[in-house]
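Remarks on the structure that follows.
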Amino acid sequence: MLQLEFLDYDLGQIMGYFANEWVVGWVLIITGILAAAWLFETITDPIPILGSIFDIVKVLGTYLGFFVGALDILVGYVVWVTQPDAVIVAGILILAGFSLTMRILSKFPLGLVFALAVSIFVTFTIYGVLAPYAGDAYIGEYVTQIISLKWMAVIGIIIFGIAYSLGGFLLSIMSLLGKIFSSTPISVLVGLACIGVGIVVLVMPDLVGIVLPWVPPPLP
């Protein structure tokens, strides 16, 4: 029977894997290539083979950027926790992660998505809490009415309105920042910075505050 052992790893073990200068360096370089793919594609367009390669990289960056960005944020956190002096490395990883993930997220109305998620979660939670009391001799009649589809929908709409009002403004600001950082000029600059820092991490890690040997985060 096929067993996927990595599914049994805990967070400490996963973080420990990324506590390595070679892993961090190559994550930075790959991130940089994806983030600056537009520039590389434009430069290499007249060159048949390279142009085609970066055409593919540009397309992959659009679809895989979100996942690579999430990985960048995780690796940036690992660097920040395990290498307190490597602020530049952690910062560029987290910034690149934000830039790549917001390429996708900025295309969605985040305020609506957030409010809808909160509304669904809270409504189902209320249902789960009240449903066992539907047969109660004293409050069962009222509980049955409340957990009916009609009243659950009303509760969901009210919660949606509250969540959208409270979280909409903050998420609108976040969405605006995301559009700025995921724009082509900023993305290219972040990508080039990632490549530069990644090379330094591989060649001279002490220059950016990485102390070797790298001590992984303690396991729980």
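Read-outs: derived from the displayed coordinates by stated rules, not from any lab. This is a predicted model, so every value here is computed, not measured. Here Cβ is always computed from backbone atoms with ideal geometry, including for glycine, and neighbour counts include all displayed protein chains.
The table for this structure:
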| item | result |
| --- | --- |
| 21 Å tail of the calculated P(r), the chain, as % of Cα pairs | 67 percent |
| For segment 34-79: relative contact order, % (alpha-carbon pairs under 8 angstrom, 6 or more apart) | 38 percent |
| Sorted peptide list for 157-167, 95-105, criterion being average Cβ within 10 angstrom, highest first | 95-105, 157-167 |
| For segment 108-181, alpha-carbon Rg and Dmax in angstrom | 16.4, 58 |
| Acute angle (nearest 10 degrees) that the helix 184-203 long axis makes with the longest principal axis of the chain, alpha-carbon atoms | 60 degrees |
| Sum of -39500 (n - 2.57) over DSSP H runs of 4+, divided by residues of the chain (222 nm, nearest 500) | -25500 deg cm²/dmol |
